[in-house]
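Each remark here refers to the structure printed beneath this line.
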2 protein chains.
Amino acid sequence: MASSEDIVLSAVLNLLSAFAFLVAFAILRLQPINDRVYFSKWYLKGIRASPRSSGTFVKKIVNLDCRAYIRFLNWMPAALRMPEPELIDHAGLDSAVYIRIYLLGLKIFVPLALLSFAVLVPVNWSGKSLEQTEGLTFSTIDKLSISNVPDASKKFWAHLVMAYVVTFWTCYILYKEYNIITTMRLQFLASENRRPDQFTVLVRNVPPDPDESVSEHVEHFFCVNHPDHYLTHQVVYNANNLAKLVEKKKSYKNWLTYYQTKYERNPKIKPKTKTGVWGLWGKTVDAIDYYTTEIEKLSKEETIEREKVMSDPKAIVPAAFVSFKSRWGAAVCAQTQQSSNPTIWLTQWAPEPRDVYWNNLSIPFVELNVRKLLMTVAFFFLTFFFMIPIAFVQSLASIDGIENKLPVLRPLIQMEVVKSFIQGVLPGIVLKIFLVLLPMILMAMSKIEGYTSLSSLDRRSATKYHFFILVNVFLGSIITGAAFEQLQRFVDEPPSEIPKTVGVAMPLKATFFITYIMVDGWAGIAAEILRLVPFVMFHLKNTFLVKTDQDREQATDPGSLNFSVSEPRIQLYFLLGLVYSVVTPILLPFIIVFFAFSYMVFRHQIINVYDQKYESGASFWPDVHRRILTGLVISQLLLLGLLSTKNIAKSTPVMIALPVLTIWFHIFCKGRYESAFVKFPLQDAMVKDTLERATEPTLNLKAYLKDAYVHPVFKGVELDRPSAVDDEENNPLVPTKRSRRSSKSHSEEGV
Amino acid sequence: MASSEDIVLSAVLNLLSAFAFLVAFAILRLQPINDRVYFSKWYLKGIRASPRSSGTFVKKIVNLDCRAYIRFLNWMPAALRMPEPELIDHAGLDSAVYIRIYLLGLKIFVPLALLSFAVLVPVNWSGKSLEQTEGLTFSTIDKLSISNVPDASKKFWAHLVMAYVVTFWTCYILYKEYNIITTMRLQFLASENRRPDQFTVLVRNVPPDPDESVSEHVEHFFCVNHPDHYLTHQVVYNANNLAKLVEKKKSYKNWLTYYQTKYERNPKIKPKTKTGVWGLWGKTVDAIDYYTTEIEKLSKEETIEREKVMSDPKAIVPAAFVSFKSRWGAAVCAQTQQSSNPTIWLTQWAPEPRDVYWNNLSIPFVELNVRKLLMTVAFFFLTFFFMIPIAFVQSLASIDGIENKLPVLRPLIQMEVVKSFIQGVLPGIVLKIFLVLLPMILMAMSKIEGYTSLSSLDRRSATKYHFFILVNVFLGSIITGAAFEQLQRFVDEPPSEIPKTVGVAMPLKATFFITYIMVDGWAGIAAEILRLVPFVMFHLKNTFLVKTDQDREQATDPGSLNFSVSEPRIQLYFLLGLVYSVVTPILLPFIIVFFAFSYMVFRHQIINVYDQKYESGASFWPDVHRRILTGLVISQLLLLGLLSTKNIAKSTPVMIALPVLTIWFHIFCKGRYESAFVKFPLQDAMVKDTLERATEPTLNLKAYLKDAYVHPVFKGVELDRPSAVDDEENNPLVPTKRSRRSSKSHSEEGV
């Protein structure tokens, strides 16, 4: 067990590394040459110009102004200065709400920490149970935890009351926050400018028709069933191959530029390359010639493929983006069922154009279900078989494990500093390495499951990742980490005993999690702000590929909030905070530092660096809310298990009410707020429609929507579509007198 | 343990009692005086006239035609003769689909029984494990069950394969059936005549407005947000008090008629009554005078209350029935969210007028949530505290229990017949008595939960009742019934051991469940067809209250299918069949007899007797489907538990795939079919609208809908409003040609 000295050493180490990152960041960001790495958002917005345009050459690369270095931490107050409405304008609602998660952590845990320190720490300290048990080694931290209170003590009532306080306070803050976020979302949606997705519905599983093309079939169906509201539609081309070709061509062009630059700088040596994979083996050829011919070949292929996609009716997938004359019409279509067969004509709100995940638009209903089953089973195995390597490596990484398996190292390990290092830092790092590999796998699995927008893919991956972290990091660390004491007992015990087993092991793992918070949380966030990978990549590209300012624009990778990875990690800290707030309150300050530091760093990043890939209007909030409540229920169950071993009369019935109330609170909040995140009320749609009709009576909506939902590879290219196909004006389809009259009156109104 | 002789005796007893019921029924139904009890549906339809109108007096009461008695079982083929489409016309889709549940039971279990008898019974019989164990008493039935196969035998693979066959066959049949029912429902909805609920949406939680009445507020809101579709609306009066007064007056009128008849028959004695509760105590008064004055008083009160309700704005609850110009408009409004606050302006399809549960239309959102929480907790306690009396009474009802507690009875018990009776019949009856009390409590709980239609109340109560039966009848009988062997062990064991404990106890309880099927199933169904309670009530009323033919009409209680009680009971038989199909196949024939017999009886009843209270278009089917799958999963888990004690290598991984697949199948079916039962597709709405517009261009929909959703106490009363209320005959709307024709053809067939 790590002693409190280990913790102090680890804290110092991590603080030092975090500080080193911060200093490095403070210096690097002041250099003009790094400007595009650390202020990419401003470049994208066109507000900040390249510093090369003025001053001497040296000044363009290195900042020689000493005063700037003195104020090297002044980005922190600067990050906090921008008011929230401006932040939403500047970075979008997704980002603004995302950093509110950190703020939420502070709101929940600061008061709880104060209360815990005022009440529970003295109670635990005065327990003196550990001191009275002979032959037990324990640290100062253990003396401040619930382990120090003797069995059947009346003092446990303080913990029970505290559990109630934690539950009610968390729920209260969550309720208030849900309220605020809902209001923000509704205001955001109401104040938004006209956007194509407000008028558009994604229709999937268009049934095949022997007599009509997909486009005609869609048009006829919606003309008949939404006669007053249907405006136009956009078919979806299966351009996945084409997109691959475009991507490949771009990469070859980069290589060509690279070799050309090389050749220009050193005209004596003709650069060579090999034709095999990665240029590592195969025939050696002249690089510039090779890439030039390859690019020409690809260009031809691309043209052929492009023509094929445009002309072949089979390249049109059975899905379409259908647009309506009003937001009201789109809201109606998105929320209703079209056909009596619920597996065809599936409608849903169209994602933003840049949020569409084009590959998944054409999966049939049965296949979708089979894919989901397979991925569920695969995810189950992934989650539960990852346990084995973690347990194995962690057992190696303990002092005893190393001494047993590698007796050679014994003298080294006996040194105090090394020993502290191994015990304090190593288990956390082992865990961390495992976690880095995972998000890509989970995202690939979500893609196979068939979600149609990037935002839903992100949300879905986050759900998987959260479950994985819960099982493997949280439970895995508590149970398997303590495997030497508990594994045997645990195998023989049934699931109902899990709360007890975990609950009892929990206080013992507090020091491990404190270390983990420092390594993963503190140092990780500090590394985030340094942006090492984009930093290196930018300078590599800048050196070898950049010729024009436009190239430099493209070399900048502003990055974005990676919701699917970072949100589940925050949830781990919520979980740890809630679990240990009653058991080992000493852990709370570490969590609070994490939340405060993260809040500042991410606020800085979304203001200065990140460029969001899409805007979903904070539609992830219900997930965040649900996961925090999951953490709360877990904390209650574990405390229930822990207390049930302490011989306190009636603790179980008192504690069992808490999860019941929490789950009810979840259902209540779901009913009260969730629909604001998945539906679009008709009242609001009508208000916006009416307003728009009054302010812009001459708007040509059809022209506005014409190419909104075109696959990105066609963007900018002339789409020689047969124009008559979706020209509704010339089409005498619309069947009934009434609807034709009203559609005329609409068009007269100029919608 | 009951021996096979006990079973045979019990079977004979139950067959005899069932036969006695049937003979009684066969005789009673032929007496003209009972005609209204056994053919009430035909009277309600106006096709069958009172037999009093012709023939001699005796002939009107007793059937003297001997030939009729010879064919006393000929109602059975008659019941099966009516083809299904006609049945739907005659009795409604709800009833027609309800009896298909029994048919589904036959479809599932007949092939499974044949297969089990061909494969598993020989395998079990040749096991010879029981004979080789010394000191064990066992019956012939046990020799045919899985208990007879020795541990670790290869023969268990037959059972594993059979478990797969059961799962796939059940799922296949369920899938086909869901398909059929969905088609039937869609056809039914499509072919339906115009009905008010097709155009109407129930709007609840209308927010208060300081400047407008509820009616004005509703009108303005829908005029603005559904401008092209809104037609009219009907506010809801809080007429619960008035309804109570009307009810009370009716009961007093009945008593008055009773005493008047009594006085007429015996004019010498003036009838007296007492003023207290039930006329049992209090001051003795002249009965006729007393009731006459009471009725006068009530009439005055009723008039005052009626005026108050009509004039007081506070008597209008914040809910309304909003009608639209087209089915399309109503479908849109019912499926979309109206306001950005999801707790106000809640819309849902209006139930049929006779299906509305008026008391629950005005419950605020938060109160609704609190009610649901309280009822969930209450239901939990109800379910799990009922266990105690059952266990206690059943322990008394065993031979050992009685001998120990009442040694006086020992000589009686020693008699073979008595012993067999106690062991074979008593436990079933004990259970049955408990079950009779329950449905009313559950229905009251569902009403408190705030459902707004009778059909949803029925469905909700059925869900509760099903869970109750599962825990208390099924698990309770298996575990507590075997409590003397297992209770102690069970208390010390955790939930994960439940499949094992129950699985092991399961084969031992087969004989008990066979008895139960005979008592509850066979004899219960035979009692159902006799209709003892309505029979007695009718003759009492006929003697004391009936003066005119209209009175006699009212005295007839046709009854109806009580979905909330009978469906969960069928589910118990499905569960037993699925659980024992692999373990003790000998149980299957008993279940098959139950399903076949029930099918015939209920088909007869819905043709000749029952009058359905509402028509929900088989919207209960998803529940039925889900519960059968629940039973399937339970059977798989129990078999898993049982096999895991038999030392068969790899049985657990083979078995665990089954529940996973079953749950996936459930999710698949839910996605594929469920929306047909909860939503109304726009395409279908549009088709019906277009058709109607073409065939009846002059239809005055507003007049048609005017009073469709008026509280029943206002029905028939002059509602200071134009009449034309719901007189279907005068209304040129109802194109009942087809249904009237087919019901005529029925009576010609003489069913």
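The values are calculated or read from the model by the stated rules, or taken from the named source; none is laboratory data. In this text, all values refer to a predicted model and were calculated from it rather than measured experimentally. Note: ideal-geometry Cβ built from the backbone for every residue, glycine included; neighbour counts use all protein chains shown. Surface areas here come from the heavy atoms of the whole protein model, side chains and all, with no ligands, DNA or RNA. Shrake-Rupley method; radii C 1.70, N 1.55, O 1.52, S 1.80 Å.
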Going by the structure shown, is A:Tyr580 within 19 Å of the chain's Cα centre (by Cα) and either under 25 Å from A:Tyr357 (Cα atoms) or of a type outside the set (Asp, Glu) (or both)? no
Among what's in segment A:646-658 and is within 38 Å of the chain's Cα centre (by Cα) and in contact (Cβ under 8 Å) with a residue 40 or more places away in the chain, pick the residue that is most open to solvent (accessible area, probe 1.4 Å). A:Val654
Could you check how many residues of segment A:326-355 are within 14 Å of chain B (Cβ to nearest Cβ) and not in a loop (DSSP other than H, G, I, E, B)? 13
Can we say A:Arg740 is within 14 Å of another protein chain (Cβ to nearest Cβ) and either open to solvent by less than 40 Å² (accessible area, probe 1.4 Å) or modelled with pLDDT of 80 or more (or both)? no
Can you work out which of the residues in segment A:668-679 that are open to solvent by less than 30 Å² (accessible area, probe 1.4 Å) and at the interface with chain B (Cβ under 9 Å from one of its Cβ atoms) is farthest from A:Trp349 (Cα to Cα)? A:Phe668
Exactly one of B:Val609, B:Val593, B:Val565 is surrounded by fewer than 19 Cβ atoms within 10 Å (Cβ to Cβ) and among the aliphatic types (A, V, I, L, M), and that residue is B:Val593
Mind listing whichever residues of segment A:568-619 are over 26 Å from A:Val678 (Cβ atoms) and of a type in the set (Asp, Glu)? A:Asp611
Of the candidates B:Leu130, B:Leu174, B:Leu115, B:Leu136, the one satisfying the condition of being at pLDDT 70 or above, more than 30 Å from the chain's Cα centre (by Cα) and of a type outside the set (S, T, N, Q) is B:Leu115
For segment B:204-228, enumerate the residues that are surrounded by 21 or more Cβ atoms within 10 Å (Cβ to Cβ) and under 17 Å from B:Met686 (Cα atoms). B:His226
Could you list all residues from segment B:685-703 that are within 11 Å of chain A (Cβ to nearest Cβ), among the small types (Gly, Ala, Ser) and open to solvent by 50 Å² or more (accessible area, probe 1.4 Å)? B:Ala694
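Table: residues versus (1) out of contact with any helix residue (DSSP H, G or I) (no Cβ under 6 Å at 6 or more places or on another chain); (2) away from chain B (no Cβ under 14 Å); (3) at pLDDT 80 or above.
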site	(1), (2), (3)
A:Tyr258	no, yes, no
A:Ile269	yes, yes, no
A:Thr284	yes, yes, no
A:Lys297	yes, yes, yes
A:Thr303	yes, yes, yes
Can you find a residue that is within 14 Å of chain A (Cβ to nearest Cβ) and closer than 26 Å to B:Asp211 by Cα anywhere in segment B:308-325? yes
Residues that are more than 12 Å from chain B (Cβ to nearest Cβ), charged (D, E, K, R) and either outside any loop (DSSP other than H, G, I, E, B) or surrounded by 17 or more Cβ atoms within 10 Å (Cβ to Cβ) (or both): does segment A:356-376 have at least one? no
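Among A:Phe602, A:Phe594, A:Phe620, which is closer than 23 Å to A:Lys176 by Cα, touching a residue at least 40 places away in the same chain (Cβ under 8 Å) and either touching a Ser or Thr at 6+ places or on another chain (Cβ under 8 Å) or hydroxyl-bearing (Ser, Thr, Tyr) (or both)? Full working, then the answer.
Numbers: A:Phe602 fails: either touching a Ser or Thr at 6+ places or on another chain (Cβ under 8 Å) or hydroxyl-bearing (Ser, Thr, Tyr) (or both); A:Phe594 fails: either touching a Ser or Thr at 6+ places or on another chain (Cβ under 8 Å) or hydroxyl-bearing (Ser, Thr, Tyr) (or both).
It is A:Phe620.
How many residues does segment B:632-664 contain that are hydrophobic (A, V, I, L, M, F, W, C) and within 14 Å of chain A (Cβ to nearest Cβ)? It would help to see each step written out before you state the result.
Looking only at segment B:632-664, we keep the residues that are hydrophobic (A, V, I, L, M, F, W, C), and these are B:632-634, B:637-640, B:642-643, B:648-649, B:654-658, B:660-661, B:663-664.
From the residues that got through so far, the ones that are within 14 Å of chain A (Cβ to nearest Cβ) too are B:637, B:656-658, B:660-661, B:663-664.
Of the residues in that region, 8 qualify.
Results for (1) of a type outside the set (S, T, N, Q); (2) open to solvent by 20 Å² or more (accessible area, probe 1.4 Å); (3) under 30 Å from B:Glu692 (Cβ atoms); (4) not in a helix (DSSP H, G or I), shown as yes or no for each residue.
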position	(1), (2), (3), (4)
B:Ser147	no, yes, no, no
B:Pro150	yes, yes, no, yes
B:Val161	yes, yes, no, no
B:Val165	yes, yes, no, no
B:Ile173	yes, no, no, no
B:Ile180	yes, yes, yes, no
B:Met184	yes, yes, yes, no
B:Leu189	yes, yes, yes, no
B:Leu202	yes, no, yes, yes
Qualifying helices (runs of 4 or more DSSP H) (wholly inside segment B:1-95; at least 2 residues being at pLDDT below 75): B:4-28, B:35-38, B:40-44, B:57-61, B:66-70, B:75-81
Is it the case that some residue within segment A:233-252 is open to solvent by 50 Å² or more (accessible area, probe 1.4 Å), out of contact with any Asp or Glu (no Cβ under 8 Å at 6 or more places or on another chain) and either part of a strand (DSSP E or B) or aliphatic (A, V, I, L, M) (or both)? no
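From B:Leu682, B:Leu661, B:Leu638, B:Leu642, grab the single residue that is surrounded by 15 or more Cβ atoms within 10 Å (Cβ to Cβ), closer than 23 Å to B:Ile146 by Cβ and in contact with a Cys (Cβ under 9 Å, 6 or more places away or on another chain). Don't jump to the end; show me each part of the working.
On the way: B:Leu682 fails: closer than 23 Å to B:Ile146 by Cβ; B:Leu638 fails: in contact with a Cys (Cβ under 9 Å, 6 or more places away or on another chain); B:Leu642 fails: in contact with a Cys (Cβ under 9 Å, 6 or more places away or on another chain).
Being surrounded by 15 or more Cβ atoms within 10 Å (Cβ to Cβ), closer than 23 Å to B:Ile146 by Cβ and in contact with a Cys (Cβ under 9 Å, 6 or more places away or on another chain) holds for just one of B:Leu682, B:Leu661, B:Leu638, B:Leu642, which is B:Leu661.
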